[in-house]
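What follows is calculated from the coordinates using simple rules that are stated; it is not laboratory data. These numbers come from a predicted model, not from an experiment. When we count neighbours, we look across all protein chains shown, and the Cβ atoms used for this are built from the backbone with ideal geometry, even at glycine.
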Amino acid sequence: MRKFVWWKTALLVALACSNGWCGDSDSLTKTRPEMKKVIEGLKNRQSRLPLPDLSAEEVAAGRQSVNNGRLRSIYMPASWQTNNNPRPAAAGATPRQAEQQRMNQMTSAPDYPFKTRLFWIVSRTNDCQYCLGHQELKLRRAGMTEDQIASLDSKWSAFPESEQAAIKFARKLTLTPHLMTEEDIQALKKHYKDPQIIDILQSVAGNNSTNRWTASTGIPQDKSFNSDEPSQLDTPTSKEFESEVTKVAPFDYKPRPKWEPRSAVEAAIAACQQRSAAVNLPSVQVARQVLTADTPGTTPPVWFQAMCDNPQSALRVWKLRQAIARDGKLNPNLKAMIAWVTARENRAWYAAAHAQMRANALGINDEKLFAIGENEEGFTPAEQATFAFVRKLTSAPHTIVDDDVAGLRKSFSDNEVAEIIFLTCDGNMFDRFTEFLRLPLEGGATKVSQLP
């Protein structure tokens, strides 16, 4: 793969503008006014998977026209739909009222502004304009001024040292997860306790999943925010920031290195069994208690244990990963190979071991797994196209263009394409969470069938 240089940026601009959603501006923008123009212009974008308008009946019923949620509901199994609402809506609430209640609950959380700022950083790093627009609106709602939001892009000194550390961490984990080191862990430990680090990590890893979904499917920006609130995004920028150059957007992107040979991968996976977690995890006894409520008699994997300071979140992820393995239209073998590809691309060895065990349980031997990326003649053209797409979306989501998704649609149904994208998103979340924590690989009593 050649270095991503100016002429490739220009080519992407031409492709994007030919689709009528970027106006006169490159999607990868250097200044805040340019960025705002692009995310506002996204309202006129054509989704890469068909996204029909709400029916008259849906509008009359008060259904929300949130494009991200609607696209998921159209193309993905119901069991793959995650619900982040900690409490159910009041009885008799309309869909619009339920959405308002959900938003009010989210914004009332003490760490809401902080985590939204990190989401903004992740979205800008991935050049995900849809999510970037949503975070802009959420930060306004949280009380941040225009200049405070602008500081996220070019003036990190405006934030406390602890938050600067989290911002730096979020950007590096997003752009170069394969380059995270012990120094990055220690930099966070100067400001945050271990449970806080796990919480921040889970949030940033999840943001990377969401970005890859909304950006690659080409979802148009919503024309309203939180029911009837206007979503004007190209607002004026102060003179202080109108020409400041971003320090977040991925102009410094470099292609990932060539995959390691099989012997190096096997050695890295074997080393996972001997390593210790980078932070103190919740106790395995707590993890067993949490998991017993859903799956009695199952030994909790280490990744689940790591999440158990937040039992609701841990169970939600557990159920989702079970559903991903169980449900959907995509071939189970291809699902397992997608997980393997994202883990290899991210150098996430704990995740790679899980993907390998899952593939082996489905009858995919190691010779076939290690042929991916090396000698793919034994795979169908559709599988080869999937592997190439997954690697691109994993390492360089900002370079995905219409033709990438259109190519998949030649071999797969739209539901299957959506599942390929979502599985790649999930893999990127799982890879980042498990590898930054340096989680030790399970052994002994843990059964392959118990590892979703």
(request) Rank these for me by crowding, Ile269, Ile198, going from fewest to most other beta carbons within 10 Å. (result) Ile269, Ile198
(message) I want the local charge near Thr217. Using Cβ-Cβ distances under 13 Å, sum +1 for each Lys or Arg and -1 for each Asp or Glu among the other residues.
(response) +2
(request) Would you be so kind as to identify which of Asn280, Phe433, Ala361 lies farthest towards the positive end of the dipole of region 262-450, taking Lys and Arg as +1 and Asp and Glu as -1 on Cβ and the Cα centre as origin? (result) Asn280
(request) Hand me the tally of lysine pairs in region 298-434: alpha carbons under 22 angstrom apart, and the pair either on different chains or 8 or more positions apart. (result) 8
(request) Provide the per-residue ³J(HN,Hα) series for region 125-132, in order, calculated from phi with Karplus coefficients 6.51, -1.76, 1.60 and θ = phi - 60°, each as a whole number of Hz, with x at glycine and proline positions. (result) 5, 8, 6, 8, 5, 4, 5, 4
(message) Taking the Cα of Asp402, stepping 7 Å toward and past its beta carbon, and measuring to each backbone N in region 31-53: which are under 12 Å?
(response) 45-49
(message) Suppose R0 equals 30 Å. What FRET efficiency, 1/(1 + (r/R0)^6) with r the Cβ-Cβ distance, do Gln289 and Ala267 give to the nearest 0.05?
(response) 0.25
(request) Please list the non-local residues whose amide H lies under 5 Å from the amide H of Thr217, H modeled 1.01 Å from N, same-chain partners needing a gap of 5 or more. (result) none
(request) Mind computing the radius of gyration and Dmax over the alpha-carbon atoms of region 262-450? Å is fine for both. (result) 16.7, 49
(request) Would you order Met429, Met35 from fewest to most other beta-carbon atoms within 10 Å of each residue's own beta-carbon? (result) Met429, Met35
(request) Rank these for me by crowding, Cys272, Cys128, going from fewest to most other beta carbons within 10 Å. (result) Cys272, Cys128
(message) Given R₀ = 60 Å, what would the calculated FRET efficiency be for Glu376 paired with Lys239, taking r from the Cβ atoms and rounding to 0.05?
(response) 0.65
(request) At a Cα cut-off below 20 Å, give the lysines reachable from Lys138, other chains included and same-chain residues fewer than 8 away excluded. (result) Lys36, Lys37, Lys43, Lys115, Lys155, Lys223
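Assuming R0 = 30 Å, can you tell me the calculated FRET efficiency for the pair Lys368 and Asn44, based on Cβ-Cβ distance, to the nearest 0.05?
0.10
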(request) Please report, in debye to the nearest 20, how large the charge dipole of region 262-450 is about its Cα centre when each Lys and Arg carries +1 at its beta carbon and each Asp and Glu carries -1 there. (result) 560
(request) Convert each backbone phi in region 245-255 into a coupling constant with the Karplus relation 6.51 cos²θ - 1.76 cosθ + 1.60 (shift: θ = phi - 60°), then list the ³J(HN,Hα) values in order as whole Hz, x for Gly and Pro. (result) 8, 4, 10, 10, 4, x, 5, 9, 4, 10, x
(request) Please list, in chain and number order, the residues 5+ apart from Leu233 or on another chain whose amide H is under 5 Å from its amide H, with Hs placed from the backbone. (result) none
(request) Could you order peptides 304-315, 364-375 by the average number of other Cβ atoms within 10 Å of their residues, highest first? (result) 304-315, 364-375
